[in-house]
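Input: a single structure, listed below in structure tokens.
The values are calculated or read from the model by the stated rules, or taken from the named source; none is laboratory data. Fair warning: this is a prediction, and the values are worked out from it, not measured in the lab. Please note: Cβ atoms are built from the backbone with ideal geometry, for glycine as well, and neighbour counts cover all protein chains shown. Please note that ligands, DNA and RNA were not included when accessible areas were found on the heavy atoms of the full protein model with its side chains. Shrake-Rupley method; radii C 1.70, N 1.55, O 1.52, S 1.80 Å.
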Amino acid sequence: MTRAERGSARSDSSLARAESLARAAHERGWREGNVGRPAAGARHIRAGLRQLGWAEDAEQPDAQRVHEAHHALACRLLIVLAALESEQGRTEYGLQLLDRAEGLAPAGYRGLLQGQRGQLLMHTRRGSEALKTLDDAVSLLAGDQTETTNLTIALLNRSFTHLNTGEVRRARLDLIWCQRVAADGGDDLNAAKALHNLGYCELLTGDIPAALQLFDAAAGTYRLIAPGNLPVLAMDKARALLAAGLADDAASELDSAMAAFRRQRLDQDLAEAELARSEAALAAGEPAVARRWATAAERRFRRHGNDACACLAELARLRARSISPGGRAPIAAEAVQLAGRLNGLGLVNDADLAELLAARALLAVGRLDEARQRLAAGRRRGAPVPLAAGLLRRLARAELAERDGRSGIALAELRTGLAMVQTRRGRLGSVDLQTGTGALGADLAAAGLRLALERESAPLVFAWLERSRAQAFRVRPVRPPADPQAAVALAELRQLSHLIRAAELTGNRDPDLAARHAELQREIRERDWQASGAGLASAQSSLGEVSAALADSGQSLVAILARQGQMLAVLVRRGAVRLVGLGDFEAAAEAARRLNADLDTIAGRLLPARLEAVIRESIRHQADVLTTEIIEPLRPWLGDDGVVFVPAGALASIPWSLLPDMRGRPVTVSPSASSWLTAWLSGRAAAKQPGAQRPAAVSPLLVAGPDLEHAALEVTEIAKTYPGCRPLLAEMATVSAALSALDGAPLAHLAAHGHHDRENFLFSRLDLADGPLMAYDIQRLAVAPRHVVLSSCDVGRTLVRPGEEILGFTAALLYSGTATVISSVIRVADAAAVGLMTAYHRLIATGSRPAEALAEAALTEPFSPFVCFGGG
């Protein structure tokens, strides 16, 4: 071999070695990028490029520095590096890298280059430019069987571009194509990404359960092969939760996602998460927090030259200013100018939102003609409009009609907006999500109620209350199909709950058990969100229907509302309806909280005499405050009637029998007049059915839970009232036995430890022999029990969401269709419950209505914690 030949061999060997190292670096960098670690991936890609002679800051053209045999490989490395740089927020630099890659690209690489360029243009929201580039990429890649992976990526990116411009149908077609190609090629990751984005399509069309189902399916693959993608999925899941009104849950998802993005140095994703976090704060009524997040996102987008996303952050900041005190009027000019920029960027839905902000700002300063112009400028036909924008449009049109002196038109616009919220609610099968949607219509509801009150029309105020509060009760309950995965999680949760409870009784606590318990609760709750609704709802009850039922039953209805700190009541009695001014809402709410705290302290405890005397005096004082603020103004009209209270906010947990005027009087508490009427008629209809048993002949379900000294005695005494009744005691009182007997039971009584879970109402529970019977279980009964008595602590308490939507164990029974629930809003003194409950059942057996029976039975107990909920 000549010297020249030996040199040539060494050169060939060096080229081959460099190529081998560069390909290995390409593989490592690609893998790191796919699992959400772009910074690490970029380091590998740069190492591979250095092996090929490429230099980041070289003045010499790349084609001269890189050997011709390596041009194709260097081009691919640069394409990957451009993507990884963009993910870290350096999109403009990524586009420069693609220009350099083009100088090395051999024939046939144009489709690959165009696909990556389209992705980067999409990141900067340059929609029309991105779409044209991606159309070119797809047409080039579709005919090349060796480029199926890059075809799926181009289809994914084109679908994103369609979604950004509201073209959901086209996005869905691309994603279905992408999923088919990826599945055929065994590309599990891109198939999962297609599922993920099909979920986002469902979100944009308003099908939140379908979106969450697809997100969950994608998450399963991400966990196995690309956990770095989970924070991006969490960001989209947060958007779905915001669309259902669950702002706090959305914020929690976003906080976790942002922490992950910071660790992974994903600056672009971090900015998008900050923008979404601003929206969550806005939905939670925290404008100052929303402005901070929007400002942080805008700063980050501007730093990376992403003007389109910076405009979106600017819009979020303007929205936050618009709901700040005195903040609406000054933003009109800014909003109009921003709408023009957003339109120029092709972000038409966001431009519409800016026009609506401008219109409302102009209305606030009385510039009606200009506001009218802005409302007209923002109106588009054909493209789907997000619910939030649709609701804001209805609100702005109502405000304009009101300023024009057309309050009837204003109310019609608000009614239409609330009907849109009810349509969204009807598509949800989860009570958790159904009740969350009350937040979506809160501004519309408040505006309508204000207009009704200004007219001083009691029938109109009644109608508006029924249209805007406790609307989840109008949705037809959905019995979800059996879910094996949820059943396994539920069984484990029940076992863990039993172990945790046993440990607590011995003074021990296992942090690992508690952590797993919380994880299972989260899993079960999230699967519950995926239930679809039937889209069916009962009609709103009319004043005439409610009034007739009240007159027939000898009762009056008092619906309490709060406005600007003062309470008013809509009083319906004997065919008449009137507005009655009550006292201070916060004084009453604080008295209710203190009363319940005092009752909790004294219940079943042997206290020092002096301390007990102080607490009893405090109980009397709080009862006097509630009487002064609520009952005294009503005295001239109540007479001796039974009362149906429809409370507001913290007043939902008042033990009414402690108020002197209510002692011995039948009192029923219901979330709305419509829900009371439905429950009342349901109970009446069941009693009148052919073959219906006399009350004394009913064989009720009686259950005694563990670790209560008098529970077994209580149900055994009650059983004597019902011949042949056999209570479930000791180890027989299992969850499965109780649920089986509870399904469709005419009467059930459960004496057990109760727990109200404020953080997650699904897991409010009763302790039975083998674990907890939870509110989650109640929702899955085939037929709701008709009349349920819960002789348990706290399970009458409720979490009240916007729109007076209530959550808790008692609420779960009412949502399922139970006509009447007797439960406690505080702790129950075990010994005192025996006599009270035995007396209650004796009265029920003689034909007394539940509210009547409870009123009479409670006369023997000075501090009865029990309340009659539902129909009474």
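Those residues that are among the β-branched types (Val, Ile, Thr) and either closer than 30 Å to Asp307 by Cβ or modelled with pLDDT of 90 or more (or both), I need them from region 51-92; list them, please.
If the condition is that a residue be among the β-branched types (Val, Ile, Thr) and either closer than 30 Å to Asp307 by Cβ or modelled with pLDDT of 90 or more (or both), then Ile79, Val80, Thr91 are the ones that fit.
Scan region 197-222 for residues that are part of a helix (DSSP H, G or I) and hydroxyl-bearing (Ser, Thr, Tyr) and jot them down.
Tyr200, Thr221, Tyr222
Any residue in region 552-577 that is touching a residue at least 12 places away in the same chain (Cβ under 8 Å) and under 14 Å from Trp676 (Cβ atoms) sitting within a Cβ distance under 8 Å of a residue that is among the polar types (S, T, N, Q) and part of a loop (DSSP other than H, G, I, E, B)? List the pairs, counting only those 6 or more apart or interchain.
Ala559/Ser672
Right, Leu595: part of a helix (DSSP H, G or I), within 33 Å of the chain's Cα centre (by Cα) and either buried (at least 17 other Cβ atoms within 10 Å of the Cβ) or of a type in the set (Lys, Arg) (or both) or not?
yes
Working carefully through the options Leu140, Leu155, Leu131, find the one that is touching a His at 6+ places or on another chain (Cβ under 8 Å) and either open to solvent by less than 50 Å² (accessible area, probe 1.4 Å) or farther than 23 Å from Val232 by Cα (or both). First the steps, then the outcome.
Details: Leu140 fails: touching a His at 6+ places or on another chain (Cβ under 8 Å); Leu155 fails: touching a His at 6+ places or on another chain (Cβ under 8 Å).
Sole residue among the options that is touching a His at 6+ places or on another chain (Cβ under 8 Å) and either open to solvent by less than 50 Å² (accessible area, probe 1.4 Å) or farther than 23 Å from Val232 by Cα (or both): Leu131.
Which one of these is touching a residue at least 24 places away in the same chain (Cβ under 8 Å), in contact with a Phe, Trp or Tyr (Cβ under 6 Å, 6 or more places away or on another chain) and not hydrophobic (A, V, I, L, M, F, W, C): Ser278, Ser256? Lay out the reasoning, then the answer.
Values: Ser256 fails: in contact with a Phe, Trp or Tyr (Cβ under 6 Å, 6 or more places away or on another chain).
On inspection, the qualifying residue turns out to be Ser278.
In region 856-865, what residues are under 38 Å from the mean Cα position of the chain (by Cα) and surrounded by 24 or more Cβ atoms within 10 Å (Cβ to Cβ)? Break it down into steps so the answer makes sense when it comes.
From region 856-865, those under 38 Å from the mean Cα position of the chain (by Cα) are 863-865; that's our starting set.
Those that are under 38 Å from the mean Cα position of the chain (by Cα) and surrounded by 24 or more Cβ atoms within 10 Å (Cβ to Cβ): Ser864, Pro865.
Per-residue answers, yes or no, for (1) without any contact (Cβ under 8 Å) to a residue 60 or more places away in the chain; (2) open to solvent by 60 Å² or more (accessible area, probe 1.4 Å); (3) within 30 Å of Gly390 (Cβ to Cβ):
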residue	(1), (2), (3)
Glu454	yes, yes, yes
Phe462	no, no, yes
Leu465	no, no, yes
Ser468	no, no, yes
Phe473	no, no, yes
Arg476	no, yes, yes
Pro481	yes, yes, no
Arg494	no, no, no
Leu505	no, yes, no
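Limited to region 48-101, what total is found for residues that are open to solvent by 10 Å² or more (accessible area, probe 1.4 Å), without any contact (Cβ under 8 Å) to a residue 24 or more places away in the chain and either in a helix (DSSP H, G or I) or more than 21 Å from Ala18 (Cβ to Cβ) (or both)?
8
Considering each of Ala183, Ala194 in turn, give the residue that is assigned to a helix (DSSP H, G or I), at negative phi, of a type in the set (A, V, I, L, M) and modelled with pLDDT of 95 or more.
After applying the criteria, what remains is Ala194.
If you scan region 749-767, which residues turn out to be in contact with a Gly (Cβ under 8 Å, 6 or more places away or on another chain) and among the small types (Gly, Ala, Ser)?
Passing the criteria: Ala751, Ala752, Ser764.
What's the number of the condition Ser541 fails, among (1) touching a helix residue (DSSP H, G or I) at 6+ places or on another chain (Cβ under 8 Å); (2) open to solvent by 40 Å² or more (accessible area, probe 1.4 Å); (3) part of a loop (DSSP other than H, G, I, E, B)?
So Ser541 meets the others, but not (2).
Yes/no per residue for (1) over 26 Å from Val546 (Cα atoms); (2) among the hydroxyl-bearing types (Ser, Thr, Tyr); (3) in a helix (DSSP H, G or I):
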residue: Ala588; (1), (2), (3): yes, no, yes
residue: Glu612; (1), (2), (3): yes, no, yes
residue: Arg616; (1), (2), (3): yes, no, yes
residue: Thr668; (1), (2), (3): no, yes, no
residue: Ser675; (1), (2), (3): no, yes, yes
residue: Trp680; (1), (2), (3): no, no, yes
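With the condition kept exactly as written, say whether any residue in region 105-118 is among the basic types (Lys, Arg) and closer than 23 Å to Asn164 by Cβ.
yes
Give Leu557, Leu579 a once-over and let me know the one that is open to solvent by 40 Å² or more (accessible area, probe 1.4 Å) and not in a helix (DSSP H, G or I).
On the way: Leu557 fails: open to solvent by 40 Å² or more (accessible area, probe 1.4 Å).
The match here is Leu579.
Considering only region 779-852, give the strands (runs of 3 or more DSSP E) lying wholly within it that have at least 3 residues that are among the aliphatic types (A, V, I, L, M) and modelled with pLDDT of 95 or more.
Details: elements: 787-791, 799-801, 805-807, 820-824.
Hits in region 779-852: 787-791.
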